[in-house]
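These notes are about the structure you will find just below.
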Amino acid sequence: MSPRPLSLFALSTTRPFGEKVAAWLEVPLAPLEEREFEDGEHKARPLQDVSGQDVFVLHALYGEPGHSVNDKLCRLLFFCGALKDAGAERVTAVLPYLAYARKDRRTKARDPITTRYVAAMCEAVGIDRVIVVEVHNVAAFENAFRCPTIHLEAAPLFAEYFASLLRDQPIAVVSPDPGGAKRAEQLRERLEALTGREVASAYVEKFRSSGVVTGSWLAGDVRGKTVIIVDDLISTGTTLIRAAKACRAQGAGRLFAAAAHGLFIGGAPSFFEETAFEGIVVLNTVPPFRLASQTAGVKLTVLDAAGMIAQAILGSRDIR
């Protein structure tokens, strides 16, 4: 049985990344119209017939000048709703970066669980499946959505990069907090498989209260090793700086940071000025537009996630 026709859309702010994914899939981006109105309202509609088709909508939900996170979320929801109204057989939201993924549980009385509310809105407009890259807490993400989900991990891309870069050096993979230990373990296992050598692991304690992060105790052996501190995202970079100092205090050698999403809030100046890090590696799920070019050029390496997402799109077509 031949698969349903595939249509790939990318809303305007994600179009450059969408073109990369389309090139991997060897399909053109489907045409759409996006209109802005004077009062801030907008509309988007497909410019081709999508009736009976398997439709994928690429849209990264990060904030940028002129397009807030909430604005992008509304655009995604309204466009996906329009696709279902136009007869699309299945609509998959492909979200290289998922907003509100960090607010996945209550940490204080009467806290919102915003991840669950985003999921409910996606389901309300008829989104049938969601593909995301490296969320904060995979279990919380999967529990929030009642529709099928596909979670893509950054570990394979990071492992290929560091296995080639570090070659015969002793390596330790470190999580900057206990909650990210599984993410670090995934990278550690892949590095061992690629290098054929033992890779150590460790994690740093972390406590957060009213936005203040503390904790410096490190569990694991990093002495004399090249350390990769891995996280889901880099915001201001303070969490990774704290972990780097803990590793350095325990005798670590070279230090690298790796995170799927580089938000770099405020340009994260202290993070890039931190001399402990020899290199910082992120994916292109969020373009590093907040960084000055001279800042990004010195330490930052951006890996392309388009191929990984294209493969997930093709694989999801076999799942009903």
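The values are calculated or read from the model by the stated rules, or taken from the named source; none is laboratory data. Keep in mind that what you see is a predicted model, and the values were worked out from it rather than measured. With ideal geometry, Cβ positions are generated from the backbone for all residues, glycine too; neighbour counts draw on all protein chains shown.
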Is there any pair with a first residue in segment 4-32 that is more than 22 Å from Pro287 (Cα to Cα) and in a strand (DSSP E or B) and a second that is at pLDDT 95 or above and among the basic types (Lys, Arg) whose Cβ atoms are under 8 Å apart and which are 6 or more apart or on different chains, and what are they?
Leu32/Arg45
Kindly indicate whether any position in segment 106-118 is among the acidic types (Asp, Glu) and either part of a helix (DSSP H, G or I) or modelled with pLDDT of 95 or more (or both).
no
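Condition check ((1) more than 25 Å from Val50 (Cβ to Cβ); (2) without any contact (Cβ under 8 Å) to a residue 24 or more places away in the chain; (3) surrounded by fewer than 19 Cβ atoms within 10 Å (Cβ to Cβ); (4) in the same structural domain as Leu11 (by TED's automatic domain parsing)) across all residues:
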site: Asp85; (1), (2), (3), (4): no, yes, yes, yes
site: Thr115; (1), (2), (3), (4): yes, no, no, yes
site: Ala120; (1), (2), (3), (4): no, yes, yes, yes
site: Ile131; (1), (2), (3), (4): no, no, no, yes
Of the residues in segment 134-160, those that are in contact with a Leu (Cβ under 8 Å, 6 or more places away or on another chain) and aliphatic (A, V, I, L, M) come to Val135, Ala154, Ala155, Leu157, Ala159
Would segment 274-290 turn up any residue that is of a type outside the set (S, T, N, Q) and at positive phi?
no
Checked pairs for segment 185-201, first outside the structural domain of Glu160 (by TED's automatic domain parsing) and touching a residue at least 12 places away in the same chain (Cβ under 8 Å), second outside any helix (DSSP H, G or I) and of a type in the set (Phe, Trp, Tyr), C-beta under 9 Å and 6 or more apart or across chains, list as none
The lone exception for Val130 - which of (1) modelled with pLDDT of 95 or more; (2) closer than 30 Å to Glu38 by Cα it fails:
(2)
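One line per residue, one yes/no per condition, for (1) under 24 Å from Glu142 (Cβ atoms); (2) hydrophobic (A, V, I, L, M, F, W, C); (3) within 17 Å of the chain's Cα centre (by Cα):
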| position | (1), (2), (3) |
| --- | --- |
| Ser7 | no, no, no |
| Gly18 | no, no, yes |
| Ser51 | no, no, no |
| Leu61 | yes, yes, yes |
| Asn70 | yes, no, no |
| Tyr100 | yes, no, yes |
Considering Phe289, Phe277, which residue is part of a loop (DSSP other than H, G, I, E, B) and closer than 19 Å to Val204 by Cβ?
Phe277
